[in-house]
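Step one of this worksheet: look at the structure below.
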Amino acid sequence: MFSRIATVAARAPRAQLAGVSSRRTMLTAQKGLYTAKASATGGGRADGVAKSETTNFKVSIQPPGSENNTNPEELVALGYSTCFLGAMKVAAQQIGKTGPSDAAKVFADVTLNKTDSKESPFTISTHLKIEDTKQDIATLAAVAKQTNNVCPYEIAFKGNIKQTFTAIGKDGNESW
């Protein structure tokens, strides 16, 4: 799924990706730590079923806005927010800071966007809100910005889609 997202974004006209960096660095994977396997059947995002091939997780897929079901954007938001929160611990250590606290929350908005392109009619954009009411904003923002270099979702998205961030600490907030 992510390679498809990256391909769509990479083929998108430059004007469509305003604010997205044109520099991309390909990282070489040294050793696979874990491989998740999943399959989708039925109508895909319109009326399908997605299931894990490695666990017993199974979910009915419906178009965005459908009640009692989920859609691909929700699944990306779940993975992105949990991955980013976990990666914050590594990022904090890398820059000699503490965090995140047990009060930390990461909220991910993943938006499906229509484009002007006939070849690539859709793309996604993201907004992360990183909230930690026990941490000062300077530390929280520094850790969150370093996490941009640690979180695997972040590394995959960087330069491929439009992203925005807001950090909310105990003494203020910062957006980038």
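Take every DSSP beta bridge with both residues inside the stretch 29-153 and express the antiparallel ones as a percent of the total, to the nearest 5.
95
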Among T139, C151, A92 the positive-end extreme of the charge dipole of the stretch 90-168 (Cβ point charges)
C151
Pull out a ≥ b ≥ c, the square roots of the eigenvalues of the alpha-carbon gyration tensor of the stretch 36-84, then state rounded if a/c is under 1.5, prolate if not and a/b is larger than b/c, and oblate in the remaining case.
oblate
Rounded to 5, the percent of DSSP beta bridges in the stretch 112-176 classed as antiparallel
50
Extension gain from W176 to K145, taking 0.36 nm per residue of separation minus the Cα-Cα distance
10.2 nm
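Report the relative contact order of the stretch 56-176, percent, no decimals, based on alpha-carbon pairs under 8 angstrom and at least 6 residues apart.
24
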Lys pairs in the stretch 77-137 with Cα under 24 Å (8 or more apart in sequence, or on separate chains) total 10
What list of ³J(HN,Hα) values in whole Hz, one per residue of the stretch 127-136 in order, does the Karplus curve 6.51 cos²θ - 1.76 cosθ + 1.60 (θ = phi - 60°) give from phi, with Gly and Pro shown as x?
9, 10, 10, 9, 10, 8, 6, 9, 10, 5
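Just so you know, all these numbers are worked out from the coordinates, no wet-lab data involved. Every value quoted in this text rests on a predicted model; they were computed, and no experiment measured them. No Cβ is skipped: glycine too gets one built from the backbone with ideal geometry, and neighbour counts run over all protein chains shown.
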